[in-house]
Amino acid sequence: MPPDQIFVLILVFVTMGLFIWERIPPDLVALSVLFLLFVVPFDGHAVLLPGNKGERLEILGSIFANSAILTVTFMFIVGAAVERTGLVDVLGRWFGRMAGGTETQTLIVLALLTVFTSAFLNNTTVVVVFLPMLLGLCRKAKLVPSRLLIPLSYFAIMGGMCTIIGTSTNLVANGVMKAKGLEPFSMFEITPIGICFAIGASIYLIVSGKKLLPNRESLATLIDAEDGREFLTAAIVSEDSPLVGKTIVEAGLSKRRELRVIEVRRRGNRVNTPLPKIRFEAGDRVIMKSHVSGVMGLNELPGLDVSTKAALGLSHVQTEKAVIMEGMIGPKSRFLGRSLRELNFRQQFGLIVLAMHRQGENLRDNFEKVPLEMGDTLLLEGSAERMKQLFAERAFINLSQPKQQNVVRTDRQRIALAALASVVVFGSLELIPFEWVAMGAALLVCLGGCLNNDEIYQAVDWRVITMILGMLGLGAAMDQTGAAETLANAFMQVAKGWNPVMILSTVLFVTIVLTELLSNNAVAALLVPLAIEVAGQLGLEARPFVVAVMLGASCGFAVPTGYQTHLLVYGAGGYRFADFLRIGIPLDILVWLMGTWLIPVFWKLSA
């Protein structure tokens, strides 16, 4: 094996190991891989820089100009416009009216709406919008959220299998096909098999879910509901107060059961000294949490002025009812990677974080120092007004109230709907390249005012784009060096004498297993060239083998950390890792068996 092939294959396995290790962000791993492929020399040139300067620029340009990159970018913008104008919320309200009553009825309605919506929009966006609505329905109908949230994630994934634009994985596979000179898939070419998968998954979840899905508490149920009837009160230490110079213990405040001091602010800043050691000074603002009796008794405390504006020359100090709500870190939150302590969360938002839920574990202690990740669920306490201010930004997803917190541009709904319809119609007619259709739709929503300038750039998940770039480079390296052909030859030696259906089934199985461990986009970018090479070795049509990779790379049902939609429902449903394994492994096997049977039915294996 030539040294450049050895280097590329080593890089493939190292990349897979780093993805599984998860200590380095996968987008940085992908970008590093692309850089290495262009600078590490073999036989006097780098792996992806053979020949003269013109050829080098052509290879580099082909990766960055791959139709998958352009299409995914533009579809992110179109999807954001559909969300921002409230079109997805309209479907959510339909869901609220049609569902409810029984768990089975809710699952059926959830499957229909989620699969349909995810076929045309990013599945993460669909789950973000449907999640609080589903939780609100569960509270109203007294259903258990943990028996519905995993199905929500699964249905969103299944919807993405129904069209080429349903998920970035399909677009990546289609882009690789086009780059290799093969005819790309049409908009609805995979729809029949996608619908079959969705029906099979729905039946499986309805029948088996009653035994396999857990009855699990959410984070909010771990705190006594009576806490929601407490109050937050701020009081000022007056100039002649007997509290001046005393600690909370010395002042006798620690003995009062009806209230407790939670923060002291001095000259506008929070006092970071531990509460028992703080000595009061005149002008200190003392923030307390109390029941009704505690608020009534505050006026009896000497030296604490709650409402005498005239005497102190201060604005009226407000007493507010404290509420408890759940919020979740979203996929585009500005809080990602930063701890509550770094954010100075309590002082910045005026809210108390009571607990945090992450990947099956409820954290009650020392969570302030833990860097926040997507899907982390926080139990928040504070005034309703403060909660409203926090949830008004996209950093948090409100899990307690299924209401739209941001201003929705409903007057632009027709423009967003026209853009999405144009993608479907013109993409189906195939009169012009699909990336141009997506670009036109993105321009329409931008010029039509569906998104402002900041939202346009925030709509694109640049981590996904970076990941696709790096993996396309690695796939191109496997193709350029002949490593893909070498792997295909090795596989064919093992599979000698197998019939084509068995080989197709093996490709699908390997894709599903790798998707559970790696990014779905990475699997598609790496395995599509290999699948095409295997088909060529067999002298068969490449299309069914690419379909096997395309569908298998969307099936990450058993490992919750492998798919964004799983991370979103993980904390909200109070799930554990084993819950996904128990319900997801049988579904992976079901998809594998259905794919082995149906792919040869819809696509002939003969050349």
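Where a number appears in this text, it was derived from the coordinates with a stated rule and is not lab data. This one's a predicted model, so the numbers in the text were calculated from it and none came from an experiment. Note that we place each Cβ from the backbone using ideal geometry, even for glycine, and neighbour counts take in every protein chain shown.
Here are the numbers for this structure:
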{"read-out": "Between 0 and 90°, nearest 10: helix 462-481 axis offset from the chain longest Cα axis", "value": "20"}
{"read-out": "Extension gain (nm, one decimal) between residue 457 and residue 417, 0.36 nm per residue minus Cα-Cα", "value": "12.4 nm"}
{"read-out": "Per-q log10 I(q)/I(0), the stretch 458-537, q = 0.14, 0.21 Å⁻¹ (Debye; single scatterer per alpha-carbon; no solvent)", "value": "-0.51, -0.98"}
{"read-out": "The stretch 341-348 - phi-based ³J(HN,Hα) in whole Hz, Karplus 6.51/-1.76/1.60, Gly and Pro as x", "value": "5, 4, 6, 6, 4, 4, 6, 5"}
{"read-out": "Dimensions (Å) - the chain, Cα atoms, principal axes, largest first", "value": "92, 60, 47"}
{"read-out": "Pair residue 597, residue 359: separation of 7 Å Cα→Cβ label points (nm)", "value": "3.6"}
{"read-out": "Extension gain from residue 116 to residue 139, taking 0.36 nm per residue of separation minus the Cα-Cα distance", "value": "5.8 nm"}
{"read-out": "Computed FRET value (nearest 0.05) for residue 490 with residue 21, which takes r as the C-beta separation and R₀ as 30 Å", "value": "0.70"}
{"read-out": "Listed peptides 423-434, 456-467 by packing density, highest first (mean Cβ within 10 Å)", "value": "456-467, 423-434"}
{"read-out": "FRET efficiency for residue 210 and residue 447, using Cβ-Cβ distance with R0 set to 56 Å, rounded to 0.05", "value": "0.65"}
{"read-out": "Segment residue 585-residue 273, extension gain: residue separation times 0.36 nm, minus the distance between their alpha carbons", "value": "107.3 nm"}
{"read-out": "Solvent-free Debye scattering, log10 I(q)/I(0), computed from the Cα coordinates of the stretch 491-607 at q = 0.21 Å⁻¹", "value": "-1.08"}
{"read-out": "FRET efficiency for residue 28 and residue 239, using Cβ-Cβ distance with R0 set to 56 Å, rounded to 0.05", "value": "0.50"}
{"read-out": "Cα lying deepest toward the dipole's positive end in the chain, options 74, 249, 408, charges on Cβ", "value": "249"}
{"read-out": "Hz values of 3J(HN,Hα) by residue in the stretch 552-561 - Karplus curve (6.51, -1.76, 1.60), Gly and Pro given as x", "value": "x, 6, 9, 9, x, 9, 9, 10, x, 7"}
{"read-out": "Mean Cβ neighbour count within 10 Å, used as a protection proxy, ranking 121-128, 7-14, 599-606, 442-449 highest first", "value": "121-128, 442-449, 7-14, 599-606"}
{"read-out": "For the stretch 146-221, Kirkwood radius (reciprocal of mean inverse C-alpha pair distance, Å)", "value": "14.3"}
{"read-out": "Percent RCO, i.e. relative contact order, over the chain, from Cα pairs under 8 Å lying at least 6 residues apart", "value": "20"}
{"read-out": "Karplus (6.51, -1.76, 1.60) ³J(HN,Hα), θ = phi - 60°, over the stretch 489-499, in Hz, Gly and Pro reported as x", "value": "4, 5, 5, 5, 5, 5, 8, 4, x, 6, 7"}
{"read-out": "For residue 464, net neighbour charge (Lys/Arg +1, Asp/Glu -1) across residues whose Cβ lies under 14 Å away", "value": "0"}
